[in-house]
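A short worksheet on the structure shown next.
The values are calculated or read from the model by the stated rules, or taken from the named source; none is laboratory data. Owing to the predicted nature of the structure, the values given are computational and were not obtained by experimental measurement. Quick reminder, even Gly has a Cβ in these numbers, built from the backbone with ideal geometry, and neighbours come from all protein chains shown. Remember, those area values only see protein heavy atoms, side chains included, never the ligands or the DNA or RNA. Shrake-Rupley method; radii C 1.70, N 1.55, O 1.52, S 1.80 Å.
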Amino acid sequence: MTVKKKTRFFKSLRFRIMIILLILGIVPSVIVTQLMIYNYETQALEVRASAVRAQCAILSNQIIKENYLNDSSSEAVNSKLELLSNIYGGRVLLVDKDFRIVKDTYHVDEEKTLISPGVIRCFKTGEVTDYSRNGQIMQLAVPVKSADVPQIQGAMLVTVSCSEIMATMVEMEQQGMLIIAIIVVLSIFLSYFLSTVLVKPLARVTKSIEDLTDGYQKDEISVPDYTETELITDAFNKMLARMKVLDESRSEFVSNVSHELKTPMTSMKVLADSLVGQEGVPEELYQEFMHDITAEIDRENRIITDLLTLVKMDKKTADLSIQHMDINQLLEDILKRLQPIADKRNIDLILDSFRPVEADVDELKFTSAISNLVENAIKYNVDDGWVRVSLDADHKYFYVTVADSGMGIPEDSIDRIFERFYRVDKSHSREIGGTGLGLAITRSTIAMHHGVIKVFSREGEGTTFSVRIPLSYIP
Ligand SMILES: Nc1ncnc2c1ncn2[C@@H]1O[C@H](COP(=O)(O)OP(=O)(O)OP(=O)(O)O)[C@@H](O)[C@H]1O
Ligand SMILES: [Mg+2]
């Protein structure tokens, strides 16, 4: 495995599932075996201790009865003490009230004094005390008393060997280890198998997506194995649909652009050809054709300029140069500039200012956006009609409406007029001389000012565009 593949494996869901399953298999089995061993140990030691305690109780009765603590010559007690130490493979020490060792079954420490914490505790509490349990031996301190003599007369210190218990424990531990090892091996296999099965649907999602990216034959993917994979594929399908729409609109745009750019070219070619093909063309015809050619060049130029404007806005980097402007003044200027065009068709241009409005706008862009609306209102108007521009504001926004008495927009076109190159009536509009980019630019400009534009229209009655823009611009 290469380093990259290795890190990919360790980061994979499959690896994590494997680890979780392994932990789930191993941890409980380790805990169970350890608990079993611990339980066995405590129980076995407890059984042994109570057996010793019982023996000691019987012995202490006899010790008191025979006054063994003062006179240790009793054979019966001696042999019983020896027997006790032999049975449990240990040692018995008998201590009297003055901490003097009366009897040692090892015969090493007799007549010596023994003051150990175990003995002291045994005298104090008068109870049988297990006072040590380490390694292979267990030590018990049992008080010497009887039913007739309840005061503690002495203490019996019994050391008991626990080596068989320990040996059994070691054996159990080995068996436990073996069981754990088997469980580990089984867990590894099981987790490998399970993780493969669990992760498979995800691999299927990846495969479906890859198949799709190789070619667009299928429209969507579907992996309904899990709710999660269903959600992923649904989201992916949505994205795919959106990409398709984008793709279609892009190719439509490209074909529109080519078409629009070709039209003036074709006209120029026709005009130029007819001049080239004729001999002795009169000067006036030259003049006229050249004039037409210049007009076509201007048209071509305008389309390219508009396109560049739109492309710049699309990039989102188009920066506005915002200034605090007198909007009333801006609108007045726009109307003044367009007055001559309106006059040609005897259209009334009216400005209704409800109040003085100052706002943050990019002067050039805002002016061109509103100009485009007023221009449209004039262009798509009837002779002797009117165009009414109004300006109003509240504490947050200002509102510009451009209403006209023109031909109106058919209902099925209303939603499309902001599209690039869209014109309601292609032939008629061409006569009027538009490219269909104006409203697209207008809407982009208004959006850049964080504003909105809406249109209301009734065919044959007129159209109203209303624009709402915030008074202060917040980037
Ligand atoms: N006030 C209006 N009344 C009726 N139709 C309109 C009005 N404004 C726009 N339209 C319709 O919407 C179409 C798109 O308008 P837009 O301003 O985008 O393009 P254009 O005026 O044809 O060309 P351009 O503005 O690029 O020179 C127009 O062709 C026209 O059919
Ligand atoms: Mg226009």
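Tell me, in nm to one decimal, what length is gained between SER73 and ALA57 on full extension, where the rule is 0.36 nm per residue of separation less the Cα-Cα distance?
The SER73-ALA57 span can extend by a further 3.8 nm.
Pull out a ≥ b ≥ c, the square roots of the eigenvalues of the alpha-carbon gyration tensor of the range 314-442, then state rounded if a/c is under 1.5, prolate if not and a/b is larger than b/c, and oblate in the remaining case.
The shape class here is oblate.
From the square roots a ≥ b ≥ c of the eigenvalues of the alpha-carbon gyration tensor of the range 209-336, which class results: rounded (a/c under 1.5), prolate (a/b over b/c), or oblate?
Note, shape of the range 209-336 comes out oblate.
Label-point separation (nm) for HIS450 and THR2, each offset 7 Å from Cα along Cα-to-Cβ?
With each label point 7 Å from Cα toward Cβ, the separation is 4.9 nm.
Can you classify the range 372-417 as rounded, prolate or oblate using the Cα gyration tensor, where a ≥ b ≥ c are the square roots of its eigenvalues, rounded means a/c under 1.5, and otherwise it's prolate if a/b beats b/c and oblate if not?
Oblate is the answer for the range 372-417, as a/c is 1.5 or above yet b/c matches or exceeds a/b.
With a 1.4 Å probe and every protein chain left in place, tell me how much accessible area ASP306 has, in Å² to the nearest 10.
30 Å²
What's the FRET efficiency of THR263 with GLU358 using the Cβ-Cβ distance as r and R₀ = 60 Å, to the nearest 0.05?
0.90
What figure in square angstrom, to the nearest 10, would you give for the accessible area of ILE209 with a 1.4 Å probe?
Here the accessible area works out near 50 Å².
Is there a quick way to get the dipole size of the range 227-314? I mean about its Cα centre, with the Cβ of Lys and Arg at +1 and of Asp and Glu at -1; what is the value in debye to the nearest 20?
400 debye
If you roll a 1.4 Å probe over the heavy atoms of the protein chains, what accessible area per residue do you get for the chain, in Å²?
Numbers: 28620 Å² over 475 residues.
For the chain, the per-residue accessible area is 60 Å².
Output the pairs from LYS65/LYS145; LYS80/LYS124; LYS5/LYS200 with a Cα-Cα distance over 21 Å in this structure; if there are none, say none.
LYS80/LYS124
Can you list, bin by bin at 10 Å, the percent of alpha carbon pairs in the chain, starting at 0?
Spelled out bin by bin, the chain gives 3, 12, 13, 10, 8, 7, 6, 6, 5, 6, 7, 7, 5, 3, 1, 0, 0 percent.
For ASP234, put the label point 7 Å out on the Cα→Cβ axis and report which residues of the range 194-214 keep their amide N under 19 Å from it.
So the set is 201-202, 205-206, 209.
Which of the GluC sites (Glu not before Pro) found in the range 268-355 are loop residues per DSSP with 10 or fewer other Cβ atoms within 10 Å of their Cβ?
Qualifying residues, ordered by number: GLU279.
How many Lys pairs in the range 317-475 lie less than 27 angstrom apart by Cα atoms, where the lysines are 8 or more positions apart or on different chains?
15
Hey, any idea what % of the range 1-100's accessible area is carbon plus sulfur with a 1.4 Å probe?
62 percent
What figure, in Å² to the nearest 10, do you get for the accessible area of HIS291 with a 1.4 Å probe and non-protein molecules left out?
130 Å²
For a Förster distance of 41 Å, can you work out the FRET efficiency between the beta-carbons of ILE120 and LEU194, rounded to the nearest 0.05?
After rounding to 0.05, the efficiency reads 0.10.
Cα centroids of the range 15-56 and the range 385-409: how far apart, whole angstrom?
88 Å
Could you please state how large a percent of the accessible area of the range 126-269 is carbon and sulfur, counting protein chains only and using a 1.4 Å probe? Display every interim value, and only then the final one.
On the way: 5810 of 9200 Å².
C and S atoms contribute 63 percent here.
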